[in-house]
Amino acid sequence: MVFKNIGWIGTGVMGAAMCGHLLKAGFNLFIHNRTKEKANDLLEKGAVWCDSPAQAAQQAQVIFTMVGFVHDVAQSILSPEGVLSKAKPETVIVDMTTSSPRLATRIYTKAKEQGVDVLDAPVSGGDIGARDATLAIMAGGDSDVFDKIKPLLEKLGQNIAYMGAAGSGQHTKMSNQILIAGTMIGAVESLLYAQKTGLDMHAVIDVIGKGAAGSWTINNLGRRIADKNYNPGFFIKHFVKDMGIALAEAQRMKLSLPGLALVNQFYTAAMAQGKAELGTQGLFRVLAELNAINE
């Protein structure tokens, strides 16, 4: 099946860049965002504005959603003005938001009743991966639907994997976020130690980032910390949401994840300190203040 008309819901930090790749590739984009101003650049490049997710769904063969929170996913897809209210049979919905696995299976079941296909396909790679089209994409749903949609996903990322039945993409993303949480606090404490001893943080990253301690976090977000750049590639408020989902799923499975719970507490402190709009590397500021270290 050849796709030409695509709906896109959510043009935030990552969504706008991802949508832009499809627009550049020659697809017709019908877009909606809660704040229209955030879609202006895409509109100037030829995307068509829609007043609701439902209106976008009326025009499209495939509808992508890339929104902020679990309730935003439910609102965008399941509400009276949501995608499913107007989606035609054989339409494919691809939710790329990091969301609840249980919501993913609920949407899948509801959509199937209408002859609509669904993939839950969250991503990893932050603003850099979205901008460079190098995202990791982990998909759950029917394998034949994944095969059909994969050429579109290849416009957005490089490491693209089918993980299993509906909800499997979201479960994989939870594993990803659990690992990021532990890696992030390690990177932050490492750089705090380096700063306290008077070392140049960039020089430290130059060395340890190429050894056994090397990671995407230290080599990318560590550089931002060294530059005192806390602009969001991924918001603290969204990471707190993700950790909350992972902890809830772990509790449901009677699985103890004490490391994740500890990092979640530090990020909750960041929220309480008014740092919700910072990038996840803003955790450095929380621990610096805890240690009375001036940046």
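Quick note: the coordinates plus some simple rules give every number you see, no bench work behind them. In this text the structure is predicted, and so the values were computed from the model without any measurement. Every residue, glycine as well, gets a Cβ built from its backbone with ideal geometry; the counts of neighbours run over all protein chains shown.
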Problem set entry | segment 89-107 versus segment 27-71: alpha-carbon centroid distance in Å | 17
For this session: Distance between Cα centroids, segment 191-220 to segment 122-146: provide it in whole Å.
Result: 28
For this session: Under 28 Å Cα to Cα from residue 88, which lysines show up? Leave out anything in the same chain fewer than 8 places away.
Result: 4, 24, 36, 38, 45, 110, 112, 148, 150, 155
Problem set entry | Spacing of the two label points (7 Å from each Cα toward its C-beta) at residue 252 and residue 292, in nm | 4.5
For this session: Quickly work out the residue 273-to-residue 212 label distance, labels modelled 7 Å from Cα along the C-beta direction, and quote it in nm with one decimal.
Result: 3.1
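Near residue 10, within a Cβ-to-Cβ distance under 11 Å, what is the net charge of the other residues, with Lys and Arg +1 and Asp and Glu -1?
Working: positive: 34, 38; negative: 72, 95.
The answer is 0.
Quote to one decimal, in nm, the extra length available between residue 179 and residue 165 on full extension: 0.36 nm per residue of separation minus the C-alpha distance between them. Mind dumping the intermediate values first?
Values: separation 14, 0.36 × 14 = 5.04 nm, distance 2.24 nm.
Additional length available on full extension: 2.8 nm.
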For this session: Provide the percentage of antiparallel DSSP beta bridges, counting only those with both residues in the chain; round to the nearest 5.
Result: 15
Exercise. What order, most packed first, do the peptides 211-220, 61-70 have when packing is the mean number of other Cβ atoms within 10 Å of each residue?
Worked result: 61-70, 211-220
Seminar exercise, completed: Once phi for every residue in segment 161-173 is put through the Karplus expression 6.51 cos²θ - 1.76 cosθ + 1.60 (θ = phi - 60°), the whole-Hz ³J(HN,Hα) values, with Gly and Pro written as x, are 9, 8, 10, x, 5, 3, x, 5, x, 5, 5, 5, 5
Exercise. With Cβ to Cβ distances under 13 Å as the rule, what net charge do the other residues near residue 288 carry (K, R +1; D, E -1)?
Worked result: +1
Seminar exercise, completed: Of every Cα-Cα pair in segment 171-290, the percentage lying beyond 19 Å is 45
For this session: Search the structure for amide H atoms under 5 Å from the amide H of residue 7, placed 1.01 Å from N in the peptide plane, and list their residues when 5 or more places away or on another chain.
Result: 30, 61, 62, 63, 64
Problem set entry | Segment residue 154-residue 197, extension gain: residue separation times 0.36 nm, minus the distance between their alpha carbons | 11.0 nm
For this session: Have a look at the DSSP beta bridges in segment 5-166 and tell me what percent are antiparallel, nearest 5.
Result: 15
Exercise. With the radius of gyration and the Kirkwood radius both derived from the Cα set of segment 145-193, what is their ratio Rg to Rh?
Worked result: 1.18
Problem set entry | Rg in Å to one decimal, and Dmax rounded to a whole Å, for segment 86-195 via C-alpha atoms | 16.1, 58
Seminar exercise, completed: In whole Hz, the Karplus estimates of ³J(HN,Hα) for segment 137-152 (6.51, -1.76, 1.60; θ = phi - 60°; x where Gly or Pro) are 10, 10, 10, x, x, 7, 5, 5, 5, 4, 4, 5, 8, 3, x, 6
Exercise. Taking 1 over the mean of 1/r across every pair of different Cα atoms in the chain, what Kirkwood radius in Å do you get?
Worked result: 19.8
Problem set entry | ³J(HN,Hα) computed for each position of segment 205-210 - Karplus, 6.51 cos²θ - 1.76 cosθ + 1.60, integer Hz, glycine/proline x | 4, 3, 8, 6, x, 10
Exercise. Count of lysine pairs in segment 171-290 with Cα atoms under 29 Å apart, counting only pairs 8 or more residues apart in sequence or on different chains?
Worked result: 18
Problem set entry | Cut-off 18 Å (backbone N to label point 7 Å along Cα→Cβ of residue 36), residues of segment 45-85 | 45-57
For this session: Using label points projected 7 Å from each Cα along Cα→Cβ, tell me how many nm separate residue 223 and residue 109, to one decimal.
Result: 4.6
